[in-house]
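Here's the structure we're looking at; comments come further down.
Computed from the coordinates by the stated procedures, all read-outs in this text should not be read as laboratory data. Just so it is clear, the model here is predicted, and its values are computed rather than measured. When we count neighbours, we look across all protein chains shown, and the Cβ atoms used for this are built from the backbone with ideal geometry, even at glycine.
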Amino acid sequence: MKLHIINGPNLNLLGKREPKIYGKKSFKSFFTELQFKFRKVELSYFQSNSESDLITKIQNAKADGIIINAAAYTHTSIAIADAIAAIDIPVVEIHISNTHAREDFRKKSYLSPVVKGCIFGFGMQSYELAIQSFLNQENA
Ligand code: DQA
């Protein structure tokens, strides 16, 4: 099984950025742990601060599933939602924090209506739960 993880703006700063909310681990070291933990899954990782690059990545994706944390674009980007709606690959939206327990502007997600499912608020474990959801479906 091939899964793409796509991270949006400022998630390149994980580990340094607001550690009380997002934790102290860089995505690079976390990704190595993920690859070890899910050895049977072909995982790839892409991060961009650019909406355009994220859309191009979604449009060109060749995978069995996409796990996306679109970060702040979640709350603003109709264009990313349209890109997700345009492809046939199942997409799971994840957030490290529980966006519904934060500022009001984080409660709106343009992506939620066009994805297969959403996982919010479990810290970095949100990524693992999303991978597991694809594996469970494969074995169902
Ligand atoms: C986030 C939540 C967003 O509101 C925020 O803009 C982020 C990270 C999360 O993973 O908790 O950058 O997507």
Taking interchain pairs and intrachain pairs at least six residues apart, which have beta carbon atoms under 8 angstrom, with the first residue in the stretch 85-108 and free of Cβ contacts under 8 Å to residues at least 60 places away in the same chain and the second aromatic (Phe, Trp, Tyr) and surrounded by 13 or more Cβ atoms within 10 Å (Cβ to Cβ)? Pro90/Phe134; Val92/Phe134; Ile94/Phe120; Ile94/Tyr127; His95/Phe120; Asn98/Phe120; Thr99/Phe120; His100/Phe120
Residue in the stretch 120-134 that is more than 14 Å from the ligand (Cβ to nearest atom), polar (S, T, N, Q) and without any contact (Cβ under 8 Å) to a residue 60 or more places away in the chain present: yes
Determine which single condition Phe31 fails, assuming it passes every other condition in (1) within 19 Å of Lys2 (Cβ to Cβ); (2) in contact with a helix residue (DSSP H, G or I) (Cβ under 6 Å, 6 or more places away or on another chain). (2)
Anything in the stretch 1-31 that is under 16 Å from the mean Cα position of the chain (by Cα) and hydroxyl-bearing (Ser, Thr, Tyr)? List them, or say none. Tyr22, Ser26
Specify which of the listed residues (Ser52, Ser26) is within 15 Å of Ala71 (Cα to Cα), without any contact (Cβ under 8 Å) to a residue 40 or more places away in the chain, of a type outside the set (A, V, I, L, M, F, W, C) and surrounded by fewer than 16 Cβ atoms within 10 Å (Cβ to Cβ). Ser52
With the first residue restricted to the stretch 1-15 and required to be farther than 11 Å from Lys28 by Cβ, and the second required to be among the aromatic types (Phe, Trp, Tyr) and within 9 Å of the ligand (Cβ to nearest atom), Cβ contacts under 8 Å at 6 or more apart or on different chains are Gly8/Tyr73; Pro9/Tyr73
Output for the stretch 59-70, where each listed residue is crowded, with 20+ Cβ neighbours inside 10 Å and either within 16 Å of the ligand (Cβ to nearest atom) or of a type in the set (D, E, K, R) (or both): Ile66, Ile67, Ile68, Asn69, Ala70
Return only the number of the condition from (1) closer than 14 Å to Cys118 by Cβ; (2) within 16 Å of the ligand (Cβ to nearest atom) that Tyr73 does not satisfy. (1)
Which condition number in (1) under 22 Å from Met124 (Cβ atoms); (2) surrounded by 17 or more Cβ atoms within 10 Å (Cβ to Cβ); (3) among the small types (Gly, Ala, Ser); (4) touching a helix residue (DSSP H, G or I) at 6+ places or on another chain (Cβ under 9 Å) is the one that Ser77 fails? (1)
Output the residues belonging to the stretch 82-108 that are within 16 Å of the ligand (Cβ to nearest atom), surrounded by fewer than 20 Cβ atoms within 10 Å (Cβ to Cβ) and within 19 Å of Gln47 (Cα to Cα). Ser97
